[in-house]
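**Q** This structure is in structure tokens; I'll ask about it shortly.
Only the coordinates and a few stated rules stand behind these numbers; no lab work does. What you see is a predicted model, and the numbers here were worked out from it, not measured in a lab. Counting neighbours? That spans all protein chains shown, and the Cβs are built from the backbone with ideal geometry, glycine included.
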Amino acid sequence: MTDRRSMADDLVLEALRSLRSLLAMDVAFVSEFRDGRRVFRHVDSGDASIPVGVGASDALEDSYCQRIVDGRLPGLMQDARAVPEALRLRATREIPVGAHLSVPIRLDDGRIYGTLCCFSRAGNSGLGQRDLEIVRCFADMASRFIQEQAAHERKERELQALHREVLAAQRFHIVYQPIVQVADRRVVGYEALARFVDPPARPPDQWFREAERIGMQTPLEVGVMRKALQALELVPASVYVSINASPRTILEGGIDSLFDGEDCARVLLELTEHSSVDDYAVIARVLAPLRRRGLRIAVDDAGAGYASFRHILKLRPDVIKLDNSLIRQVDSDRGYRALAAALVRFAEETGSEVVAEGVETQAELQVLEELEVGHAQGYLLGRPAPLERYVA
């Protein structure tokens, strides 16, 4: 949401800059009328000494904007100092205000949002009706942007409310996929995976991407991880539970209290992120106390892209998980087999374990055995399901 707003603000600012340049004005701005005040939402100024800044506000009744909307002032003034009504305003004398153009910004429902204005200290006898029409065109564009942005923010607020409700009511459940030792098919762990029930039906990754976009990523991930860790009371003491967390959740302190009272040695924390991380040292520092308590770290999706290799080199994980896109072709493509073999050898050199994800065929499993991959998971070995299916 923040990125979208920032981009939109930049576009409006560029439009104001173009308008100001076209009309040879010192300042152009968009104001909003709110609770009896005029609030400056977007400002482009070529004169730093003019006291108009984004976020500043003043009494609406004391502004040019109100007088232009209600007809006490004309939208076009070649020199405001020659207009008696304008001279009643302090700004006319103190700035001073010379040439001034302003039109209301009207929304589709007829309401007035505010105004689009531009002015200069000097008068300009060359301004005419055509210039006012230009300002009106820019105001129409601003109106469309404002309404689109308001609709977007309203939808974002609705999504935030939905995510909060989902978390508060625990309207999701956890399924678990077995992680087995390749040599004897013995279950050594379970990966916890979230499933959401609210319509419309969507894959979990869409929920998490949406949560990231609306600023709810950390609460959602923490809520899922907390529920997933309940499995530690049900699985054998020799079996671990694997949970997923993004670097952002780790850096925001989302996991700080998650492991209070838990046996960290029975938990594998999978780092799930497909983009580069800015500061691995901070992540390592946050995780260090938990790793000293036995928490193991896994890097997910190895072989799927450059980011996962950076994670491996910078974080020195205990477990490297081979991505299912690599496993799907490990039995049919020599290049994929060679990459898998290289990752296995790398893991041996660094003291890491390897888990192959997405194993679906006996041919894939046979190649993994030949490559001496220690652990695997996938539909062939067990589908994600309620824990009761696997634990009596």
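**Q** For residue 158 and residue 248, FRET efficiency with R0 = 25 Å and r from the beta-carbon atoms, rounded to 0.05?
**A** Working: r = 23 Å, r/R0 = 0.91.
Approximately 0.65, to the nearest 0.05.
**Q** Something else: So, R0 is 41 Å and r is the distance between the beta-carbons of residue 391 and residue 213; what FRET efficiency does that work out to, to 0.05? Before the final figure, lay out the partial values.
**A** Values: r = 36 Å, r/R0 = 0.87.
The pair residue 391/residue 213 has a calculated efficiency of 0.70.
**Q** On a 0 to 90° scale, report how tilted helix 334-350 is relative to the longest principal axis of the chain, with both axes built from alpha carbons and the result rounded to the nearest 10.
**A** Helix 334-350 and the main axis of the chain meet at about 80 degrees.
**Q** If you don't mind, another one. Per residue, what volume in Å³ does the Cα convex hull of segment 170-389 take up? Can you show the working numbers first?
**A** On the way: hull volume 28.0 nm³, N = 220.
In segment 170-389, the Cα convex hull volume per residue is 127 Å³.
**Q** If you place +1 on the Cβ of every Lys and Arg, -1 on the Cβ of every Asp and Glu, and leave all else neutral, what size is the dipole of segment 2-153 about its Cα centre, to the nearest 20 Debye?
**A** Details: 20 positive and 23 negative charges, 77 e Å.
Approximately 360 debye in magnitude.
**Q** In which sequence would 144, 106 go, from the one with the fewest C-beta neighbours within 10 Å to the one with the most? Write out the running numbers ahead of the final one.
**A** Working: 144 11, 106 15.
Taking fewest neighbouring Cβ atoms as first place, the list is 144, 106.
**Q** Among 301, 35, rank each residue by its count of other Cβ atoms within 10 Å, from fewest to most, as a rough exposure measure.
**A** Fewest-to-most ranking of 301, 35: 35, 301.
**Q** About the Cα centre of segment 170-389, how large is the charge dipole given +1 on each Lys and Arg Cβ and -1 on each Asp and Glu Cβ? Please answer in debye to the nearest 20.
**A** Values: 26 positive and 33 negative charges, 59 e Å.
It comes to approximately 280 debye.
**Q** Between helix 217-228 and the chain, what is the angle of the helix's C-alpha long axis to the longest principal axis, kept within 0 to 90° and rounded to the nearest 10?
**A** 30 degrees
**Q** What are the semi-axes of the equivalent ellipsoid of the chain, taken as the square roots of 5 times the eigenvalues of the Cα gyration tensor, listed largest first and rounded to whole Å? All intermediate terms of the calculation are to be shown ahead of the outcome.
**A** Details: eigenvalues 764, 91, 67 Å².
Sorted largest first and rounded, they come to 62, 21, 18 Å.
**Q** Of the options 311, 223, 208, report the single residue whose Cα projects farthest towards the positive end of the charge dipole of segment 187-323 (beta-carbon charges: Lys, Arg +1; Asp, Glu -1).
**A** Comparing the listed Cα positions along the dipole, 311 ranks first.
**Q** Say we join alpha carbon atoms closer than 10 Å with springs in a Gaussian network model of the chain; which of 231, 284, 169 then has the biggest fluctuation?
**A** 169
**Q** Compute the separation of the alpha-carbon centres of segment 178-215 and segment 25-71 and state it in Å as a whole number.
**A** Spelled out, the Cα-based centre of one part sits 50 Å from the other.
**Q** Nothing charged except the Cβ atoms of Lys and Arg (+1) and of Asp and Glu (-1): what's the magnitude of the dipole of the chain about its Cα centre? Round to the nearest 20 debye. Let's see the in-between values first.
**A** On the way: 50 positive and 59 negative charges, 193 e Å.
Computed about the Cα centre, the dipole is about 920 debye.
**Q** Based only on other Cβ atoms within 10 Å, what is the fewest-to-most ordering of 379, 64, 113?
**A** Values: 379 12, 64 24, 113 21.
Least crowded to most crowded, the residues run 379, 113, 64.
**Q** With a cut-off of 8 Å between alpha carbons and a minimum separation of six or more residues, what is the relative contact order of the chain in percent? Provide the component values of the computation, followed by the final result.
**A** Working: 663 pairs, mean separation 41.6, N = 392.
Result for the chain is 11 percent.
**Q** Let me make sure I get this right: for segment 2-153, a, b and c are the square roots of the gyration tensor eigenvalues over alpha carbons, sorted descending. Under 1.5 in a/c it's rounded, otherwise prolate if a/b > b/c, else oblate. Which is it? Provide the component values of the computation, followed by the final result.
**A** Details: a/c = 1.56, a/b = 1.43, b/c = 1.09.
Since a/c reaches 1.5 and a/b is larger than b/c, the shape of segment 2-153 is classed as prolate.
**Q** Separate question: When Lys and Arg each count +1 and Asp and Glu each count -1, what net charge do the other residues less than 9 Å away from residue 268, Cβ to Cβ, add up to? Walk me through the numbers before you get to the answer.
**A** Numbers: positive: 266, 296; negative: 191, 270, 318.
Spelling it out: positives minus negatives among the neighbours equals -1.
**Q** Normalised by the number of residues in segment 257-392, what is the relative contact order in percent for Cα pairs under 8 Å and 6+ residues apart?
**A** Working: 191 pairs, mean separation 24.7, N = 136.
Value for segment 257-392: 18 percent.
**Q** With n ≥ 4 as the cut-off for DSSP H runs, can you work out [θ] at 222 nm for the chain, using -39500 (n - 2.57) per run divided by the number of residues, rounded to the nearest 500?
**A** Numbers: 13 runs with 158 residues, N = 392.
The helix contribution divided over the chain gives -12500 deg cm²/dmol.
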